[in-house]
Amino acid sequence: MVISDRLAAIPDSYFGKTMGRKVEHGPLPLINMAVGIPDGETPKGIVNHFSEALRIPENQKYGAFHGKESFKEAIVNFYQRQYGVTLHKDDEVCILYGTKNGLVALPTCIVNPGETVLLPDPGYTDYLAGVMLADAKPVPLELEPPDYLPDWNKIDPQTLKETKLIYLTYPNNPTGSTATQSVFDEAIEKFKDTDTKIVHDFAYSAFGFDAKNPSILASKDGKEVAIEIFSLSKGYNMSGFRVGFAVGNKEMIQALKKYQTHTNAGMFGALQDAATYALNHYDDFLKEQNETFRKRRDMFEAKLQEAKLPFVHSKGGIYSWLHTPPGYNSEEFEQYLLQEKSILVAPGIPFGENGNDYVRISLALDDEQLEEAAERLTQLANMYDV
């Protein structure tokens, strides 16, 4: 087989092998609750602006490798407006073709072979691939219910000393847990003046149901330690556009930018114009998105609670984290739901060993489908009565 040893050693991407596959399910109409893509359309103003930008001759040619000044300025203004964080558009901003590219590339940019990287368990599945591609050493950052927050005192001091990079993600995918500014303050204070850096995956930034989600860069000395990776996919319903950016620590940003000059040319100018328009004009839409998913969470969790199904209360994001019945691991319960209730969910195990007793349920469905799914799930209450 023609594949390098390094690539062969990396597990297949869970969503890469499952998205779009043909699904064999039970007799009921299938309800797909596995995909983490908001179900709404991209706002028409953004689409129209993108369409107009396609016709601009400048956008039909190679662009600057590190992005348009207008896009970088929009990012800087957005972070100042939303989080009170001041950024330098050239030193502290890196444009990304989708945030996954930055999250996977980062270890190659700043971590040497054999160095330790802490990965949240549970956490997004593809962080691991980035660590393995860099020949670094992945170590689980154990997160426990109900809050799934790091407890630095429970980690072996020698491991912490050897750690070069830590991934954090709040709102957490898959659990829906969130972090307060004090959580980030503690992390920054812990690793300030050390060789350890932090990357905060802020993909679900728009979705904070109890309070607005804070930026790790708003913590004192935050930019000395961390970068934050922001996605337009979820909050703006722009997942197909594949636009995001990294902001924060100058050295990490410059390493990412150097990497990108060798792996990508400049981002398509019309995409940048559409993203610029979104950042500059759709703050209110982010609030609407948050309210939509808060109402969905309230309805869905109320039905699960009434049936006494065990789940983790979601404080942000677009998911529900449901405990499996006794005797079922996450993959077994995924298959049971598919065959018996025609509900497709994501098993918890791809998100880490601490996910093996859970399944991730997406709330990115219209009200009718979400209510039908909740009704089917509540019919399983007897499976938990042991």
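Just a few scattered comments:
- Filtered residues of the stretch 120-140 (kept if in a strand (DSSP E or B) and surrounded by fewer than 21 Cβ atoms within 10 Å (Cβ to Cβ)): ASP121, LYS137, PRO138, VAL139, PRO140
- Taken over the stretch 96-119, residues that are farther than 20 Å from ASP156 by Cβ, open to solvent by less than 30 Å² (accessible area, probe 1.4 Å) and in a loop (DSSP other than H, G, I, E, B) amount to 1.
- Count - residues of the stretch 267-321 that are among the β-branched types (Val, Ile, Thr) and assigned to a helix (DSSP H, G or I): 2
Each row is one residue, and each column tells you yes or no for (1) modelled with pLDDT under 95; (2) open to solvent by 60 Å² or more (accessible area, probe 1.4 Å); (3) under 13 Å from the mean Cα position of the chain (by Cα); (4) among the hydroxyl-bearing types (Ser, Thr, Tyr).
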site	(1), (2), (3), (4)
TYR167	no, no, yes, yes
SER177	no, no, yes, yes
VAL183	no, no, no, no
LYS220	no, yes, no, no
GLU228	no, no, yes, no
ALA255	no, no, no, no
TYR259	yes, yes, no, yes
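- Against the numbered list (1) open to solvent by 10 Å² or more (accessible area, probe 1.4 Å); (2) modelled with pLDDT of 95 or more; (3) not acidic (Asp, Glu), SER330 comes up short only at (1).
- Single residue of the stretch 322-369 satisfying the filter (among the β-branched types (Val, Ile, Thr) and outside any helix (DSSP H, G or I)) that is nearest to GLY176 (Cα to Cα): ILE361
- Test: residue in the stretch 57-72 that is open to solvent by less than 70 Å² (accessible area, probe 1.4 Å), part of a helix (DSSP H, G or I) and among the basic types (Lys, Arg): yes
- Hey, ASP210 of a type in the set (D, E, K, R), open to solvent by 20 Å² or more (accessible area, probe 1.4 Å), more than 24 Å from ILE95 (Cβ to Cβ) and modelled with pLDDT under 95 or not: yes
- Of all the listed residues (GLU372, GLU368), the sole one being open to solvent by 50 Å² or more (accessible area, probe 1.4 Å) and in contact with a strand residue (DSSP E or B) (Cβ under 7 Å, 6 or more places away or on another chain) is GLU372.
- Scanning the stretch 141-165 for residues that are closer than 16 Å to ILE349 by Cβ, open to solvent by less than 10 Å² (accessible area, probe 1.4 Å) and either among the acidic types (Asp, Glu) or assigned to a strand (DSSP E or B) (or both) yields a count of 0.
The values are calculated or read from the model by the stated rules, or taken from the named source; none is laboratory data. Remember, it's a predicted structure, so these values are computed and weren't measured experimentally. Note that each Cβ is placed from the backbone with ideal geometry, even for glycine, and that neighbours are counted across all protein chains shown. Note: accessible area is taken over every heavy atom of the protein model, side chains too, but ligands, DNA and RNA are not part of it. Shrake-Rupley method; radii C 1.70, N 1.55, O 1.52, S 1.80 Å.
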